[in-house]
Amino acid sequence: MVGRGIQACGTSSLVVIESGIVADMYELAERGSAYGSFYLIYTFSFLLGPLFGGYFTQYFGWRSIFWYLAIMSGVVYIAILLFVHETFNSNNQTWRRNETNPKLVSEGS
């Protein structure tokens, strides 16, 4: 149970991080489509996870699930390094330092 709690803490950040990435990469008019695509894949994975897990356990043994996760984690990590670039959109928000206030403030304030 403790392990599942730790897992939940790790996976719950996925939605928040994804929202920030989409907000940085897409203009306001395009964000709905990007969110829809992400949540379609995110929700569909809840169907595929148990199906793949059951198949691997049935035909290859329970250890194969962990081998599959280790291999796929490596593949996804390498794909992220190669294909996901910095997401900050400098056209979306410009920041400057105010002379009277040394904290960063938005260009519009």
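The values are calculated or read from the model by the stated rules, or taken from the named source; none is laboratory data. The structure presented is a predicted model; accordingly, all values stated were derived computationally and were not measured. Cβ coordinates were reconstructed from backbone atoms using ideal geometry, including for glycine residues, and neighbour counts include every protein chain displayed.
Annotation for the range 61-81: no member residue is within 21 Å of residue 28 (Cβ to Cβ), surrounded by fewer than 10 Cβ atoms within 10 Å (Cβ to Cβ), at pLDDT below 95 and not charged (D, E, K, R). Regarding the range 28-44, can at least one residue be identified that is without any contact (Cβ under 8 Å) to a residue 12 or more places away in the chain, charged (D, E, K, R) and either part of a helix (DSSP H, G or I) or surrounded by 11 or more Cβ atoms within 10 Å (Cβ to Cβ) (or both)? Scanning the range 28-44, I find at least one residue that is without any contact (Cβ under 8 Å) to a residue 12 or more places away in the chain, charged (D, E, K, R) and either part of a helix (DSSP H, G or I) or surrounded by 11 or more Cβ atoms within 10 Å (Cβ to Cβ) (or both), so the answer is yes. Within the range 45-66, the set of residues being farther than 28 Å from residue 16 by Cα and either among the aromatic types (Phe, Trp, Tyr) or in contact (Cβ under 8 Å) with a residue 60 or more places away in the chain (or both) comprises 55, 56, 59, 60, 62. Residues that are closer than 16 Å to residue 85 by Cβ and either of a type outside the set (A, V, I, L, M) or not in a helix (DSSP H, G or I) (or both) within the range 14-27 comprise 18, 20, 24, 26, listed in sequence order.
Screening residue 34 against (1) within 15 Å of the chain's Cα centre (by Cα); (2) over 28 Å from residue 86 (Cβ atoms) leaves a single unmet condition, (2).
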